[in-house]
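Report on the structure given below.
The values are calculated or read from the model by the stated rules, or taken from the named source; none is laboratory data. Predicted, not measured: the structure shown is a model, and the values here were computed from it. Cβ sites come from the backbone with ideal geometry, for glycine too, and all protein chains shown count toward neighbours. Each accessible area value is taken on the protein alone, full model and side chains, heavy atoms only, with ligands, DNA and RNA left out. Shrake-Rupley method; radii C 1.70, N 1.55, O 1.52, S 1.80 Å.
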Amino acid sequence: MRKCVVIGVTGGIAAFKACQLVSNLKKKNYEIHVIMTKNATEFVAPLTFESLSGNRVSVDTFDRSFEYNVQHISLAKKADAFVIAPATANVIAKIVHGIADDMLSTTFLAASCKKIICPAMNTGMLNNPVTVENIEKCKQLAYMIVDAESGMLACGDEGKGKLADVSIIEDAIEYSLYPKPLQGKKVLVTAGPTQEAIDPVRYITNHSSGKMGYAIAKAARNLGADVLLITGETNLTPCPMIQTIEIKTAKEMFDGVTKYSKDQDCIIKAAAVADYTVIDPATNKIKKKDNTLTIELTKTDDILAYLGQNKKAGQILCGFAMETENLIENAKEKCIKKNCDLLVANNLSVDGAGFKTNTNVVTIIRPNEIKELELMSKEKLAYQILKECFRGEIDVIND
Ligand code: CTP
C-alpha cells in the first residue's frame, strides 16, 4: 500500500533542500503532505511544495479554506512517517515540550507514527546545552534524529549545523517505514570482490559489484537486524546504521568473518571470494621481459566451508553460488558440502542475472528443496533472500 509521509518544513535557510526531498519522495511513489511554519513560508513559497507534492500545503491551523474537517487530526492519522526537515531549535524545543501552537506542532503532537527530526541551525544554537538536551529528549521519545552535518553554514560560520544530505533523510524515512521482525537478530553479510596482489600495482579480482550483498545488508537493517557488512572494494556507499568493515584480500575476509561469526544469528555470504591467491607477490613492479609469465597460485581458505564446519546451534548459513553450467547440480553439491542451510544460486548465462546488473534471477537451493524465483531487482530479491533465511519469521514485507 502507498505510504503517506508528512514533511514539516520550518523557517531555516535549508528549507529549500526540503523541495528536493519532496520531489525525490514523490518519485518513489509516496503520498506526500507538507506542513510549513509561517517562518518557513518566508524562505520557500507554499506553491513550490504544492507543485512538487501534488497536495495542498498546510500552514495555519485556522485556515478556513481547507477541505479537511479537522486538518491536523486528519493528517496525523494518515501519516506513516512524520519528518521535520529542516528542524529549527525552536520547533525542536516545542515538540519535546508538547507545545502545539501552529499547524505543524499541533499535527506533530497528534500523530503517533514514526517521527524523524532533521536539525539544521547555526552551530552555536546546535551546541547550546538547551538544544543538546532537547535533541536528547527527542531520542528518549523514540524520534529518529538525522544528525546535522558540518561545513560552511549560510550565516558564514564554519561548523556543525547543515541539514543532512537529502539522500540520508530519504534513507531514514525508508528505514522507519519497514516493520522490524528481525529486531534483536545479528546478521553478517559479505559483499563485493576480493583482490589478490601480484605486485604493488596489479592484482587478481573478479567482476563482483557488491550490489547484491549491499542490498541484503540494507534490507536486513530495514527489517530491524543488527547488521555487520564485510565488504571488498566496490563503488557503493556504505549505508547508515550498518557496521561496515572494508577488506581487500580473501585472507582479510576470512579473518574478519571468523572474528565475528560466532555471535551471528545469520550469515549471508554474497561476496565473490578468490579461490586462489598469489604464493609470492613481487615486492616491486614486475617488468615486461619474456613472452610468457607464470604466476604461481595457491588455494585460499574456503570461508563458507569453514563456517559450515563451525556452525553454532540455530545459526542460519546462506551461501551463494555463481555457475555458468549445471546450475542446480553444482549448487546443490556446494550447499551440502559446505553445510549451508540454503544457497542462492545464479546462472551467469541467463539475461538479467549476475554481477553488474541491477536485477537477478536466482534459484534457492536447500539440501531437500529447490525453489526458482523470477527475475527481480536486487533490492526486491534481498527481501526474498531474508524471507528464505528467516522462514516463518518475516511475514509482511512492503517491498
Ligand atoms: N566462498 C568462500 N570462500 C572462498 C570461496 C568461496 O566463502 N574461498 C563462498 C562464496 O562467498 C560463496 C560460495 O562460497 O558464498 C560459493 O562460491 P563459488 O565461487 O560459487 O564456489 P566455489 O566453492 O568457490 O567453487 P567453484 O569456484 O569451483 O565453483
Cβ-Cβ distance below 9 Å, separation of 6 or more or different chains: which pairs start in the range 32-52 with a residue that is touching a residue at least 40 places away in the same chain (Cβ under 8 Å) and end on one that is of a type in the set (D, E, K, R)? HIS33/ARG56; HIS33/LYS78; ILE35/ASP102; THR37/ASP102; LYS38/ASP60; LYS38/ASP102
Residues within the range 155-180 that are open to solvent by less than 10 Å² (accessible area, probe 1.4 Å) and assigned to a strand (DSSP E or B), tallied: 1
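For the condition more than 12 Å from the ligand (Cβ to nearest atom), over 24 Å from ILE316 (Cβ atoms) and surrounded by 14 or more Cβ atoms within 10 Å (Cβ to Cβ), what is the one hit in THR359, THR363? Step through it out loud before you land on a result.
Details: THR363 fails: over 24 Å from ILE316 (Cβ atoms).
On inspection, the qualifying residue turns out to be THR359.
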So, of the residues in the range 316-338 that are open to solvent by 60 Å² or more (accessible area, probe 1.4 Å) and more than 7 Å from the ligand (Cβ to nearest atom), which turns out to be farthest from GLU372 (Cα to Cα)? LYS337
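When you scan the range 80-127 for helices (runs of 4 or more DSSP H) that lie fully inside it, which ones turn up with 1 or more residues that are basic (Lys, Arg)? Give the derivation first.
Values: elements: 89-96, 103-110, 123-127.
Qualifying helices (runs of 4 or more DSSP H): 89-96.
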Every listed condition ((1) open to solvent by 60 Å² or more (accessible area, probe 1.4 Å); (2) closer than 22 Å to VAL257 by Cβ; (3) more than 12 Å from the ligand (Cβ to nearest atom)) holds for GLU296 save (2)
Could you list, in sequence order, the residues of the range 267-286 that are within 16 Å of LYS251 (Cα to Cα) and either of a type in the set (Val, Ile, Thr) or not assigned by TED's automatic domain parsing to the domain that holds CYS335 (or both)? VAL273, THR277, VAL278, ILE279
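Within the group GLU393, GLU379, GLU372, which residue is of a type outside the set (A, V, I, L, M, F, W, C) and within 15 Å of PRO181 (Cβ to Cβ)?
GLU393
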Would you say ARG391 is within 27 Å of ARG2 (Cα to Cα) and either of a type in the set (Lys, Arg) or more than 10 Å from the ligand (Cβ to nearest atom) (or both)? yes
Do you know which residues across the range 296-346 are of a type in the set (Asp, Glu) and in contact (Cβ under 8 Å) with a residue 40 or more places away in the chain? ASP301, ASP341
Just to check your reading of the model, which residue among LEU223, LEU229 is open to solvent by less than 70 Å² (accessible area, probe 1.4 Å), more than 16 Å from the ligand (Cβ to nearest atom), in the same structural domain as LYS311 (by TED's automatic domain parsing) and under 12 Å from the mean Cα position of the chain (by Cα)? LEU223
Keeping to the range 231-288, report how many residues are of a type outside the set (A, V, I, L, M) and part of a loop (DSSP other than H, G, I, E, B). 20
Per the filter on the range 249-263, residues surrounded by fewer than 22 Cβ atoms within 10 Å (Cβ to Cβ) and either within 19 Å of ILE216 (Cα to Cα) or within 14 Å of the ligand (Cβ to nearest atom) (or both) are THR249, LYS251, GLU252, PHE254, ASP255, GLY256, THR258, TYR260, SER261, ASP263
As an exercise: evaluate ASN347 against (1) touching an Asp or Glu at 6+ places or on another chain (Cβ under 8 Å); (2) more than 9 Å from the ligand (Cβ to nearest atom); (3) open to solvent by 60 Å² or more (accessible area, probe 1.4 Å); (4) over 27 Å from VAL227 (Cβ atoms) and give the number of the one condition it does not meet. (3)
Taking the stated definitions as given, is ASN24 more than 25 Å from the chain's Cα centre (by Cα) and surrounded by fewer than 18 Cβ atoms within 10 Å (Cβ to Cβ)? no
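Would you kindly identify the strands (runs of 3 or more DSSP E) lying entirely within the range 289-348 that contain at least 2 residues that are aliphatic (A, V, I, L, M)?
Numbers: elements: 297-299, 316-323, 342-347.
Once the strands (runs of 3 or more DSSP E) in the range 289-348 are filtered for at least 2 residues that are aliphatic (A, V, I, L, M), what remains is 316-323, 342-347.
Look at the range 181-220 and say how many of its residues are of a type in the set (Asp, Glu) and either in a loop (DSSP other than H, G, I, E, B) or away from the ligand (no atom under 16 Å from the Cβ) (or both). Let's see the steps before the verdict.
Of the range 181-220, the ones of a type in the set (Asp, Glu) are 196, 199.
Still in the list and also either in a loop (DSSP other than H, G, I, E, B) or away from the ligand (no atom under 16 Å from the Cβ) (or both): 199.
Number of matching residues: 1.
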Residue check for VAL278: surrounded by fewer than 20 Cβ atoms within 10 Å (Cβ to Cβ) and either closer than 16 Å to ALA191 by Cβ or away from the ligand (no atom under 12 Å from the Cβ) (or both): yes
